[in-house]
Amino acid sequence: MAVKINKVVRHDSLSIKATYPMGSIKFKVNRSGETLESTGLSKVELNKVVKLCKFLPGEVNGQRIDRLEQEFKKYNSVQALAASIQ
């Protein structure tokens, strides 16, 4: 099974959820801040995913969600995604 991506864009929040066979990642940003939820990841792997979710220079929230979507699509497991992050 490939990754299933669910992206939600609202006037006050943006979120993306990637569901893999052995876990999932959900990232949401709104006016009150950011949240990152995951299943199937160790603390070390989760810390790597946190790095991926940070802003790049000059990036806005919509661009960040689109970038995360492209990154999430590259891998077939949440562990492979985490392993790819330096």
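Things worth noting here:
- Verdict on Glu69 being of a type in the set (Asp, Glu) and free of Cβ contacts under 8 Å to residues at least 60 places away in the same chain: no
- Pairing residues of region 52-63 that are over 19 Å from Val8 (Cβ atoms) and part of a loop (DSSP other than H, G, I, E, B) with residues that are at pLDDT 90 or above and acidic (Asp, Glu), at Cβ distances under 7 Å and at least 6 apart in sequence or on separate chains, gives no pairs at all.
- For region 50-76, the set of residues classified as aliphatic (A, V, I, L, M) and either touching a strand residue (DSSP E or B) at 6+ places or on another chain (Cβ under 6 Å) or open to solvent by 50 Å² or more (accessible area, probe 1.4 Å) (or both) consists of Val50, Leu56, Val60, Ile65, Leu68, listed by residue number.
- Test for Gln79: is it exposed (fewer than 13 other Cβ atoms within 10 Å of the Cβ) and of a type outside the set (A, V, I, L, M): no
- Inclusion of Lys28 among residues that are assigned to a strand (DSSP E or B), out of contact with any Cys (no Cβ under 9 Å at 6 or more places or on another chain), farther than 11 Å from Val78 by Cα and open to solvent by 40 Å² or more (accessible area, probe 1.4 Å) is warranted.
- Filter pass, Leu41 being surrounded by 15 or more Cβ atoms within 10 Å (Cβ to Cβ), without any contact (Cβ under 8 Å) to a residue 60 or more places away in the chain and assigned to a loop (DSSP other than H, G, I, E, B): yes
- Number of positions in region 68-86 that are assigned to a loop (DSSP other than H, G, I, E, B) and under 13 Å from the mean Cα position of the chain (by Cα): 4
The values are calculated or read from the model by the stated rules, or taken from the named source; none is laboratory data. Note that the structure is a prediction, hence the values are computed from the model and not measured. A quick note on method: Cβ atoms are made from the backbone with ideal geometry, for glycine too, and the neighbour counts reach across all protein chains shown. When the accessible area is computed, the model is the full protein with side chains, heavy atoms only, and any ligands, DNA or RNA have been set aside. Shrake-Rupley method; radii C 1.70, N 1.55, O 1.52, S 1.80 Å.
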